[in-house]
Amino acid sequence: MILDCDPGHDDALALLLALARPEVRLLAVTTVSGNAPLEQTTRNALRVLTLLGRTDVPVAAGADRPLDGVLRIAPEVHGASGLDGADLPEPAAEAVDASALELASAFLEAEDAVTIVATGPLTNVAGLLSARPDLLPRIEAIVLMGGAIGEGNWTASAEFNIWADPQAAAAVMTCGRPLAMMPLEVTHQARLSTADMAAMEALGNRTGLIFADLMRYFARVHAEWYGWDGPPIHDAVAVAHVLGGGLITTRRYPVSVEVEGRHTRGRTVVDTRPFSSAEATVDVGVSIDREAFVRMLLQAIAVFP
Ligand code: RIB
Ligand code: CA
């Protein structure tokens, strides 16, 4: 697996889940601007790897802005650092002296079946597909968190990751490799409760304490916006989909991305009509066993000191 992310509170839990599971070999983490500018998302990835004792995993920084050159970030959700709310360690490692494109390409050249999990704007993934079409056959699947069948979160029409870089998302949706998309319809079901965050803290390890603080911070804006008592763990749903186990139900639909609409830019148009003649190419997450998902997250957190 290569995890392309913009940590980000839920990205951080997605990274922890990938590292906790023996069936996942996390080859690399690549970072992209999104929740915070690239410098912060890269630093945050390194801080989480330092906390988890996994600075052996290489981190490479990617795009510092979307394909259209306009930086779009979300400090109101994740704070100025992009990962506010807890006493995370300073990074004990640095990003490698290679770009995200170079690092991902090197692993794709060395491995013959790599799953790319993307939990931020898709700028890096689109850049890889465009720069190295020869490596496409080595991409086993692309599993992304993003999009919405109905209501967006960043606009009425669009979810943040797609809204931030719709051109990149459009390129990924038409790349021809096996695709799975975890939209808000499934990730909004994957919410923590206050009891779940208390259970995180009760694990008794430092990782549980830190992630309980991070999740409580991430919960604030969702309480204001939606009245929820806990945050949706959007990005870990993408990793949970790769792990399988029947937690997540998907349906295969045609998905296209609106890149120009004055009111709908960044919308994922998911064609759910049973009589649609369009080719259904994307496995779209539609439901999740929330309790099993939370158990999976707590078991993963318990793996670390
Ligand atoms: O809209 C939710 C997505 O945007 C998640 O990936 C979150 O981390 C933010 O990047
Ligand atoms: Ca993210």
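Taking the stretch 282-305 as the search range and keeping residues that are in contact with a helix residue (DSSP H, G or I) (Cβ under 8 Å, 6 or more places away or on another chain) and part of a loop (DSSP other than H, G, I, E, B), which one is surrounded by the fewest Cβ atoms within 10 Å (Cβ to Cβ)?
Among residues in the stretch 282-305 that are in contact with a helix residue (DSSP H, G or I) (Cβ under 8 Å, 6 or more places away or on another chain) and part of a loop (DSSP other than H, G, I, E, B), the one surrounded by the fewest Cβ atoms within 10 Å (Cβ to Cβ) is 305.
Could you list, in sequence order, the residues of the stretch 29-55 that are among the aliphatic types (A, V, I, L, M), away from ligand 2 (no atom under 14 Å from the Cβ) and in contact with a Leu (Cβ under 9 Å, 6 or more places away or on another chain)?
Those that are among the aliphatic types (A, V, I, L, M), away from ligand 2 (no atom under 14 Å from the Cβ) and in contact with a Leu (Cβ under 9 Å, 6 or more places away or on another chain): 49, 51, 52.
Mind telling me which of the residues 265, 290, 216, 295 ends up being basic (Lys, Arg) and more than 28 Å from residue 54 (Cβ to Cβ)?
265
Would a scan of the stretch 265-283 turn up a residue that is among the aliphatic types (A, V, I, L, M) and within 25 Å of residue 22 (Cα to Cα)?
No.
Evaluate the following for residue 246: is it under 17 Å from the mean Cα position of the chain (by Cα) and either part of a loop (DSSP other than H, G, I, E, B) or under 21 Å from residue 147 (Cα atoms) (or both)?
No, not satisfied.
State which residue is nearest to ligand 2 (Cβ to nearest atom) when the search covers only the stretch 231-241 and only residues that are part of a helix (DSSP H, G or I) and touching a helix residue (DSSP H, G or I) at 6+ places or on another chain (Cβ under 8 Å).
Only one residue fits best here, namely 235.
I'd like the full set of residues that are under 18 Å from residue 130 (Cα atoms), among the polar types (S, T, N, Q) and not in a helix (DSSP H, G or I), limited to the stretch 69-107.
Scanning the stretch 69-107 gives a single hit, 99.
Here is a yes/no grid of residues against (1) closer than 20 Å to residue 140 by Cα; (2) modelled with pLDDT of 95 or more; (3) surrounded by fewer than 21 Cβ atoms within 10 Å (Cβ to Cβ):
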position: 8; (1), (2), (3): no, yes, no
position: 23; (1), (2), (3): yes, yes, yes
position: 85; (1), (2), (3): no, yes, yes
position: 97; (1), (2), (3): no, yes, yes
position: 104; (1), (2), (3): yes, yes, no
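Determine, yes or no, whether residue 7 is part of a loop (DSSP other than H, G, I, E, B) and within 17 Å of residue 233 (Cα to Cα).
Answer is yes for this residue.
The values are calculated or read from the model by the stated rules, or taken from the named source; none is laboratory data. Treat the numbers as computed from the prediction; the structure is a model and nothing was measured. Positions of Cβ are backbone-derived with ideal geometry, glycine not excepted, and every protein chain shown enters the neighbour counts.
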